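Contents: one structure, followed by commentary.
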């Protein structure tokens, strides 16, 4: 059945996200998301579905830090807040409430990211270039932070095969980090919608990279500005007693007004 739905387009550092405002049954997420991806004028890399006043689910039920930042800013604007606000939201792939600081005038956002389930240095992979690099499990997505390896789909697909032979995450990101210039090239696969994107930027991948870069450091606060294909995201890691205490990502978000589109489901 043809239906008209309202959406907004968020642009957090080039990681273009469609936010569906109208209720869509979870069983139809993949079907609707596929049609939205085909609307090339939006250049979307991911789709999120609002399922409550402060709750959103991604199309593959994965976690997304950039979508979380965008959703929180949208809520603050809906409440006609002028200036600074703190929004508490729920996002798929994360069991805890997320706190997001936003400014509705500058569209700047800062989110305290969920703590990783595990931080593992890979040591037994048959892919030699993986060993010595970090695997960060954020629950709703697993990231491999790969240092000073040329980005490419062939390399990504080999890592994807290794990860899914040993784990079964809702989503996988491979973060190709170039230490010579602090650039990050994210490639992300979402299992349920079977999509792989060279993303403009990746919030959870930025988080994972900052965690990996600070993993062997002592106590303190460590700040990273990671340049990505379509923008920059800052991340701050706090460590105390040789433990990870908190990690944040921040940056501006562009957000359109409501747009009406037609989909079939």
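Checked against the criterion of being at pLDDT below 95 and in the same structural domain as residue 233 (by TED's automatic domain parsing), the candidates 139, 132 yield just one match: 139. When residue 220 is tested against the conditions (1) over 26 Å from residue 23 (Cα atoms); (2) out of contact with any helix residue (DSSP H, G or I) (no Cβ under 9 Å at 6 or more places or on another chain); (3) surrounded by fewer than 23 Cβ atoms within 10 Å (Cβ to Cβ), the lone failure is (2). One residue stands out among those in segment 168-186 that are more than 19 Å from the chain's Cα centre (by Cα) and not in a strand (DSSP E or B): the one that is nearest to residue 131 (Cα to Cα), which is 179. Per the conditions (1) closer than 23 Å to residue 55 by Cα; (2) outside any strand (DSSP E or B); (3) free of Cβ contacts under 8 Å to residues at least 24 places away in the same chain, the sole criterion not satisfied by residue 123 is (1).
Being more than 20 Å from residue 6 (Cβ to Cβ) and either modelled with pLDDT of 95 or more or over 17 Å from the mean Cα position of the chain (by Cα) (or both) narrows it down to one of 44, 76, 85, 72, so name that one. Matching residue, one of 44, 76, 85, 72: 85. When residues in segment 118-130 are screened for being more than 12 Å from residue 244 (Cβ to Cβ) and in contact with a strand residue (DSSP E or B) (Cβ under 8 Å, 6 or more places away or on another chain), 5 of them pass.
May I ask you to say which residue of 171, 210 is outside the structural domain of residue 45 (by TED's automatic domain parsing) and either surrounded by fewer than 17 Cβ atoms within 10 Å (Cβ to Cβ) or free of Cβ contacts under 8 Å to residues at least 40 places away in the same chain (or both)?
Working: 171 fails: either surrounded by fewer than 17 Cβ atoms within 10 Å (Cβ to Cβ) or free of Cβ contacts under 8 Å to residues at least 40 places away in the same chain (or both).
The unique qualifying residue is 210.
What tally of residues in segment 221-257 results from selecting those that are touching a strand residue (DSSP E or B) at 6+ places or on another chain (Cβ under 8 Å), part of a strand (DSSP E or B) and over 23 Å from residue 181 (Cα atoms)? Steps first, answer last, please.
In the first step, residues of segment 221-257 are kept if they are touching a strand residue (DSSP E or B) at 6+ places or on another chain (Cβ under 8 Å); the result is 221-229, 231-239, 244-257.
So of that shortlist, the ones also part of a strand (DSSP E or B) come out as 221-228, 231-239, 244-252, 254-255.
Now narrow it down to the ones that are over 23 Å from residue 181 (Cα atoms): 239, 244-246, 254-255.
Adding up the residues that qualify gives 6.
Scanning segment 1-37 for residues being assigned to a loop (DSSP other than H, G, I, E, B) and out of contact with any strand residue (DSSP E or B) (no Cβ under 6 Å at 6 or more places or on another chain) gives a total of 6. A residue that is over 30 Å from residue 34 (Cα atoms) and in the same structural domain as residue 31 (by TED's automatic domain parsing) occurs nowhere in segment 146-156.
Strands (runs of 3 or more DSSP E) wholly in segment 40-107 with at least 3 residues that are over 17 Å from residue 17 (Cα atoms) - which ones? Hits in segment 40-107: 84-91, 98-103.
The values are calculated or read from the model by the stated rules, or taken from the named source; none is laboratory data. Nothing here was measured: the structure is a model prediction, and the numbers come from that model. Reconstructed Cβ throughout: ideal geometry from the backbone, glycine too, with neighbour counts over all protein chains shown.
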